[in-house]
Structure formats: structure tokens, C-alpha cells
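The values are calculated or read from the model by the stated rules, or taken from the named source; none is laboratory data. Here the structure is a predicted model, which means the values were calculated and not measured. Glycine also receives a Cβ, built like all others from the backbone with ideal geometry; neighbour counts cover every protein chain displayed. In case anyone asks, the SASA skips ligands and DNA or RNA and just uses the protein heavy atoms, side chains included. Shrake-Rupley method; radii C 1.70, N 1.55, O 1.52, S 1.80 Å.
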Amino acid sequence: MKVTVVGDVLLDVDINGTASRLSPDAPVPVVDVGDVRRRAGGAGLVATLLSQDGNHVTLVTAVADDDGASHLRRALSGITVLAGEPLAPTPTKTRVRIGSHPMVRFDEGCAPAPTPACTPEMVAAIASAGAIVVADYGRGITANPDIRAALSEAARRVPVVWDPHPSGSSPVPGVAVVTPNLSEAMAVAKAAGLDASGAGPMEAGRHLQEHWRSEAVLVTRGEEGAVLLRAAADAVEIPAPKTSVTDPCGAGDRLAGSLAVHLGRGLALPVAAARAVEDASAFLGAGGAAALVAAVGDAPAAVRKRPSGDGERAVVELKGLGLPSGHAMGLEPDGIQLAASVRRSGGTVVATGGCFDLLHAGHARTLAAARSMGDCLVVCLNSDESVRRLKGLHRPIVSQEDRAELLLALSCVDAVVIFGEDTPEACLDLLRPHIWVKGGDYEPEDLPEARLVAGWGGRCVTVPFHPARSTSGLAAALAKVG
């Protein structure tokens, strides 16, 4: 889908390390830095996520001419960036983490900025979009009168999702959805005249929907989900899936971007909002913004190189394959990062899936055939609980950890992602492969996943099934031997 993101870009820097001692100069921890990652934040994060999903993304923003901007340009490589004249330094937010726990954040260049300039190309990108996300981070791009006029015109034709900011501009009238979080909604509604005594998200959302003259307001409430408010319609409460979250950074960006795409594909607003909440939860469960690769060309943190017969091959190391408590998927962010990296570099991502309980020649042939179709192969692997539900209490014979390790030992497999559901749809929705491969003698369009994969422009392929080679047959033979 052709998506235009309008908004302010930030540079996010993550300094990751360990702390095992206190400084002799003061009672503060000494952080031994393990790695430093830089990525685009704000509207840049929205654009990055949408691009990784396989959308054609144009980013309308303002970019300075300083050291921070050079990092931003590398992080946004592969995305069309249309920027006005640089009028302020690059806002940079540096987070220091010990393990997975944020300890402190430093903000630089985040003072109020003058309204950036606008070019005809920026207006044209708004006019030609199939869906628009406005990621307002209070840096002035949404205050430009030409930008606002173009957004007002576009809102009459295509879905515009506006993610507001406390110090940003008010949304233009007529946008499809405005997505404040609860604290933002309460603060703006109170400033707009709402009696806050006894008011909650529903009252605030309805007040803002009238105040902003938007079609709808989606008030997000973190782990409690969201509330959708529309004129002359009942409020819709949308629960969030249970998710293990260490850092909520980027959840609002993921939600707003997904919501715009779902609306652009024709989904009804309540359905699109529910899907967007699920996407944001899955994003956080997979590690959130901190799990993203910093820039094109940077290898994921858990990717190492090892020699093979035809040169070096990227192999994703197996780490922490247990399922997070209360969450249906044990999605390994490394597999998702690998797919995103290959996609950004213009390569073809191939995925396949199954239980792979006892690896046999049929599996090997299917996997080799799948890998030959693209530049990386990600295997979506059913978890132990998923296999038990599908195959019975006597299965799996081999644990998910060992099944994943055996798959990664094959030269044709680049990454393994374990999912806990009965079907791989949610896993596929995060990976967004160009090609989904299954073994069998049926037509590709008959696959249950065919419509989902086609939704982002992918295709399904089947490779010949080998009936004499099956896990069930091997299990039966082993039982007889036993």
C-alpha cells in the first residue's frame, strides 16, 4: 500500500550494558557498555515499521543538517524522505539500559522549534497517498499551513490517522481517527472545557471527537486496550491481548501506522481498530522499538557469521525460546529483524511453517526448495503446546527447543520463530514474507493463509509432497521398534 507519513523525526539512541559495581566517586552504578544502537524515532519509527511491513512509504518531515541527521538518514535508508528546510537541531533521546531495564534518558535538542518549510513535493506526496499517518511530536511540521491544507483535502478522500502530541497542533477537521493515549486525552479534553471530575476515557473521547471534528477518537489505555468513540454510535471497548512488556516505547507508533493501513485496505473502523491494538501488543511482545535494527546494513544483535561451502551465511542464534507468560506467541525478534533487514535491502523474504517434530528427507527437500526462492528463509515453528492441541497429548516427540536447534543446523534455514497459536497467521502478519511456502499437492490459492499473505502483496507457493516420508510414519515405525 502507498502510505504517506507526516510528522516529526527524532533520533533514538539505546546504550545497552551491564552493571555489577558502584562508582568509587559516587553511589551510582557503573555501566559497562555492550552496544549502542541508533534508530529513527517519532514519525521516522512509524515510517520504518510500515516499510518493514512491505508498504511503499513516503515520509514528509523536516531534517536538520547535523551529526544526528546523518544517523537518521542512514536509519531511514530505503524510505523516500521529503524534507523542508532544516530549522532546528535534530532532537535526540538517549536511553541507557541495564539488561532490559531502562535506567535514565537524556534529551538533546528538544526545545520548541520553529515551523519547518514545505515543498511542492511534500504536498504532492500527501495528495497521492492511499492512507496517511500523522505522527505529531510537537516539532512544528503539522503547524505548517500548506501541510494542514493538504491534509484537510486528503481527509476527504483517504483515511487519515492522527497521533497527537501535547505540545503539537490540533488535528485538522475530518480525519478518520485521532489516537491519543489516556493521559493525553484527559489533559486536552480538560483544556478544551471538559469537566474532568468523574470523567473517564469515554467522556474525554466523546468531548474530543466533537472538539476536533474528527470522524472518531481512539483512546489507548496500555494493557487495558482502547476505547473507540464515534458520533451517534455506542462506545466500543477493545481489549488488548495479554503481553509481556519490558518497554512500551513505540506502541503508539505501531498502533497508528497499522490502523491507517487496515483502514486503507477497506476494513471497517471497529475491526481495523481491534487489529491495530493486536498489532501493537504483538510489537511490544516481540521486544518493541528497542528490538529494531539500528540502520540498514547493521546486522541484528544476535546474528553471527559462520563459513559455509559457498561463502558466509547469516545464522540467527537460538536464544530464550520459552513462551512469555500469558502470551500466545514466543516470537523471536531476531527472526523478525532478519526479515525486516532483508526486505529493506531489496531482498526476498521466504517463510514456511509446521511442527517439524521428527525431521526427515521430506522436510529437508521442502526447506531447501523454499530457501532457493529468496534471500532468507524463516521457519514458523509450532510450540509444544500448539503441537499437543493439533496432534494429541503424545506429541511432540521432540521439544520446541530441540526442534528449533535442529532446523537452524540446516544450511537452508536462516531463522526460526516459535508461535503458540494453532495457525501461523499472527506470526506471518509480523514477518510479512514475500513468499509463503507449504508442502502439499493442493493449489496455492486454497491455502488458509492465502488471503492474508495477498494482503501485503505476497504470494503462496506449494512444493511437492513426499507421501512416503512423514513424521507420523516415522513415529509409528519407532513405536513398533520400541
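Pairs of alpha-carbon atoms within less than 8 angstrom and 6+ residues apart define the contacts here; what relative contact order does the stretch 62-189 have, in percent? Before the final figure, lay out each step's value.
Working: 195 pairs, mean separation 22.7, N = 128.
Normalised by residue count, the contact order of the stretch 62-189 is 18 percent.
For the stretch 158-295, averaging the sequence separation of C-alpha pairs within contact (under 8 Å, six or more residues apart) and dividing by the residue count gives a relative contact order of 21 percent.
Each Lys or Arg adds one and each Asp or Glu takes one away; over the other residues whose Cβ falls under 15 Å from the Cβ of Val30, this sums to 0. Considered as an equivalent ellipsoid built on the Cα gyration tensor, the stretch 161-257 has semi-axes of 20, 15, 14 Å, the largest given first.
Per residue, the chain exposes an accessible area of 43 Å² to a 1.4 Å probe, with every protein chain left in place. You can think of it this way: the chain between Val28 and Phe106 has 26.4 nm of extra reach, that is 0.36 nm per residue less the Cα-Cα gap.
If you take every residue apart from Glu449 with its C-beta less than 9 Å away from the C-beta of Glu449, what net charge results, scoring Lys and Arg +1 and Asp and Glu -1? Every neighbour counted, the sum reads +1.
Give, as a single signed number, the net charge of other residues whose beta carbon lies under 13 Å from the beta carbon of Ala19, with Lys and Arg counted +1 and Asp and Glu -1. The answer is +1. For the chain, the relative contact order works out to 11 percent when only alpha carbon pairs closer than 8 Å and six or more residues apart are counted.
Can you give the FRET efficiency to the nearest 0.05 for Thr119 and Val461, using r as the Cβ-Cβ distance and R₀ = 51 Å? Provide the component values of the computation, followed by the final result.
Numbers: r = 43 Å, r/R0 = 0.83.
So the FRET efficiency works out to roughly 0.75.
Using only Cα coordinates, the Kirkwood hydrodynamic radius of the chain works out to 23.8 Å. Approximating the spin labels as points 7 Å out from Cα along Cα→Cβ, the Ala191-to-Glu85 distance works out to 2.8 nm. Of the solvent-accessible surface of the chain, computed with a 1.4 Å probe over protein heavy atoms with every protein chain present, carbon and sulfur atoms account for 54 percent.
Looking at the stretch 94-188 only, what percent of DSSP beta bridges run antiparallel? Nearest 5 please. Each step should come with its number before you reach the end.
Working: 5 of 11 bridges.
Restricted to the stretch 94-188, the bridges split so that about 45 percent are antiparallel.
Protection proxy ranking, highest mean first, for peptides 32-39, 70-77: 70-77, 32-39, where packing is the per-residue count of other beta-carbon atoms within 10 Å, averaged. Figure note: Ser399, Ser386, Ser372 ranked by solvent-accessible area, largest first, 1.4 Å probe, ligands and nucleic acids not counted: Ser372, Ser399, Ser386. Charges were assigned to the Cβ only: +1 to each Lys and Arg, -1 to each Asp and Glu. The resulting dipole of the stretch 177-269 about its Cα centre is roughly 220 debye. Model label sites at Ala231 and Arg157, defined 7 Å from Cα along the beta-carbon direction, differ in position by 2.2 nm.
Please report the antiparallel percentage of DSSP beta bridges with both residues in the chain, rounded to the nearest 5. Walk me through the numbers on the way to the answer.
Details: 35 of 84 bridges.
The antiparallel fraction comes to roughly 40 percent.
Approximating the spin labels as points 7 Å out from Cα along Cα→Cβ, the Asp66-to-Glu425 distance works out to 4.7 nm. With R₀ fixed at 45 Å, the C-beta to C-beta distance from His56 to Ser399 puts the FRET efficiency at about 0.60.
How many lysine pairs in the chain, separated by 8 or more positions in sequence or lying on different chains, have Cα atoms less than 24 Å apart?
Numbers: Lys242/Lys319; Lys305/Lys319; Lys391/Lys438; Lys391/Lys480.
Close lysine pairs under the 24 Å cut-off: 4.
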